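Participant: So that we are looking at the same thing, I have put the structure below in structure tokens.
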Amino acid sequence: MTSGKKSFSKEERLKSRKEISRIFKNGIFLYSDSLSLGYTYSEKNKFAVSVPKRLFKSAVVRNKIKRRIRESYRLNNNILHNYSTKFGQHFNVLIIYKHNTPLPYQTIREELVFLLEKLIETNKKRPEFL
RNA sequence: GCAGUCGGUUAUUCUGUCGCUGUUUCUUUACGGAAACAGAGGAAAGUCCGGACAACACAGAGCAUUGCACUUCCUAACGGAAGAUACUCGCGAGGGUAUAGUAACGAAGAAGAAAAUAACCGCUUUUGAACAUGUUUCAGAAGCAAGGGUGAGAAGGUGAGGUAAGAGCUCACCGGUGUCGGCGGCAACGUCGGCAGCCGUUCGUCUUGCAAGUUGCAAUCUCAUGUAUAUCGGCAUUUGAGGGCUGCUCGUCCGAUGCCGAGGGGUAGAGAGCGAAGAUAAAUGACAGAUUAAAACAGAAUCCGGCUUAUUUACCGACUGCUUUU
RNA sequence: GGCUCCGUAGUUCAAUUGGAUAGAAUGGCAGAUUUCGGCUCUGCUGGUUGUGGGUUCGAGUCCCGCCGGGGUCA
């Protein structure tokens with residue numbers, strides 16, 4: 001695992017259409033003020049972002065939000081990787097943007113960190129799902 | 001100096017830390033790693049046009065449908081440039097819209113007498129009757145487009161002659177149409193002069209010329225997974241039932257490895273198409289600092305050429321109006 | 001990404017070749033009826049025809065540009 005480096009390459013992206021629809025069908029969702037996090041268990045940590053076209057018509061705004069979320073995941077994914085190497089549990093994670101105005105980078109990063117820690121705590125409580 | 005018109009250019013750059021996509025090279029048994037280079041726009045947008053490219057079964061002919069229609073030049077085509085004419089907005093520089101033909105046919109609601117073969121009111125002459133004997137009233141005949149209200153549009157306009165009253169009925173000037181000739185222009189057309197007949201407007205059908213097969217990269221092809229050329233019924237039997245994502249007809253082509261119907265099964269991946277940006281959950285970024293400020297509109301998915309729309313800052317060129325000074 | 005269709009009262013739909021005040025049901029409001037409410041009856045209200053231009057004497061209708069909402073294709 002490349003947990004020491006702050007990278008976000010093709011390997012860590014959630015690409016398969018099947019996996020994403022599995023999250024929507026069977027996944028567990030956690031919420032913060034402006035983000036939703038859906039996840040399932042898997043063999044490797046993977047990550048994807050979605051910003052609905054319903055909220056922002058402009059492609060420029062949608063791209064900007066996606067880049068902010070992806071960047072904050074890249075800088076903070078060691079939270080998830082450290083947990084995985086310790087307990088041997090991996091996740092497919094999907095982040096959906098909910099807020100109807102584009103938020104600055106700082107607040108997005110704080111909310112994402114909050115959600116990732118919440119994800120780890122709920123799984124610590126329920127190890128029987130392994 | 002201020003306000004404005006038209007045309008054009010520009011669309012940040014640099015440093016540090018971390019990171020993404022592609023190509024090439026090096027390295028490694030392999031996973032991988034390192035370096036170098038390249039990495040959104042003037043509109044990438046809207047999808048409004050046209051073309052390339054691809055598939056479909058396009059020989060060809062006729063009919064229909066749709067679109068376009070001033071002139072010259074450029075273009076593969078859309079379209080563009082420069083002009084012409086008419087209308088229109090602006091004090092102006094300038095901007096916008098339209099443009100083939102008129103032989104034939106049709107329409108123009110309400111209002112108005114009448115919407116093109118114009119007599120309702122009215123004007124004039126005349127016949128008869130009435131009694132109030134008149135510049136009268138009533139009834140009839142004939143002539144008249146000068147006046148009237150309506151309307152987007154009313155039978156060329158003004159003046160004079162003329163007449164019972166009137167009228168392009170005649171004349172002068174003006175406007176418009178057709179035609180002949182001169183001059184200018186490659187041309188559309190402009191301008192000058194002569195002649196003709198006095199000449200309404202809008203729209204549609206129609207006629208002429210040119211162009212157009214349809215569907216679209218989620219097209220299409222290959223591989224992998226899966227599988228089923230399953231099964232049943234009907235049609236047709238060598239001439240034509242049926243068949244086209246291709247407007248209709250003729251013709252042509254396919255046609256038992258056929259067509260139609262019933263019934264039920266499987267895939268949701270990869271590559272080519274696809275590019276010196278080139279992905280396939282889809283890259284071109286985040287933070288800090290500097291540049292006096294980095295801002296507007298906005299993010300490539302087959303490519304190219306236009307059109308239209310959105311829009312910031314700075315600058316350049318040509319020109320217009322107003323004001324002040326010389 | 002391509003192709004394609006549609007925007008009329010708060011809601012569901014009409015409106016002849018372009019022809020006059022854009023109509024109907026339902027809803028809302030007021031009144032009558034009832035002890036009160038509902039049902040019922042009567043009257044009123046409600047539209048810049050998505051938006052901006054153009055053609056025309058006249059545009060919901062025809063033409064062009066924007067805005068918004070669907071459908072479809074592998």
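What follows is calculated from the coordinates using simple rules that are stated; it is not laboratory data. Quick caveat, the model's predicted, so the values are computed rather than measured. Cβ atoms come from the backbone with ideal geometry, glycine included; neighbour counts cover every protein chain shown.
Participant: Give me the one-decimal nm value for the distance between modelled label points at A:Arg13 and A:Tyr105, 7 Å along each residue's Cα-to-Cβ direction.
Facilitator: Calculated label separation equals 2.0 nm.
Participant: Taking springs between alpha-carbon atoms closer than 10 angstrom, which of A:Val49, A:Val61, A:Val113 fluctuates most in the Gaussian network model of chain A?
Facilitator: Per the Cα network of chain A with a 10 Å cutoff, A:Val61 tops the list.
Participant: To continue, here is another question. Angle, helix A:59-76 long axis vs. longest principal axis of chain A, Cα atoms, 0 to 90°, nearest 10?
Facilitator: Its long axis makes an angle of about 30 degrees.
Participant: If you don't mind, another one. Can you compute the helix-only [θ] at 222 nm over chain A? Use -39500 (n - 2.57) per DSSP H run of at least 4 residues, normalise by all residues, nearest 500 deg cm²/dmol.
Facilitator: -15000 deg cm²/dmol
Participant: Rule-of-thumb check for the range A:63-130: C-alpha Rg over 2.2 N^0.38 Å?
Facilitator: 1.21
Participant: Also: Longer than 26 Å from Cα to Cα, which of A:Lys66/A:Lys124; A:Lys66/A:Lys86; A:Lys25/A:Lys64; A:Lys57/A:Lys118; A:Lys64/A:Lys98 are they? Say none if no pair is.
Facilitator: With Cα atoms farther than 26 Å apart: A:Lys66/A:Lys124; A:Lys66/A:Lys86; A:Lys25/A:Lys64; A:Lys57/A:Lys118.
Participant: For chain A, place one equal point scatterer on every Cα, skip the solvent, and apply the Debye formula. What is log10 of I(q)/I(0) at q = 0.13, 0.17 Å⁻¹?
Facilitator: For chain A, the Cα-only Debye profile gives -0.51, -0.90.
Participant: Also: A:Arg74 to A:Asn26: FRET efficiency via 1/(1 + (r/R0)^6), r the Cβ-Cβ distance, R0 35 Å, to the nearest 0.05?
Facilitator: 0.85
Participant: Where in the range A:6-105 are there GluC sites (Glu not before Pro) that are in a DSSP coil and have at most 10 other Cβ atoms within 10 angstrom of their Cβ?
Facilitator: A:Glu43
Participant: Pick from A:His99, A:His81, A:His90: which residue has the top mean-square fluctuation in a GNM of chain A where Cα pairs under 10 Å get a spring?
Facilitator: Of A:His99, A:His81, A:His90, the most mobile in the Gaussian network model is A:His99.
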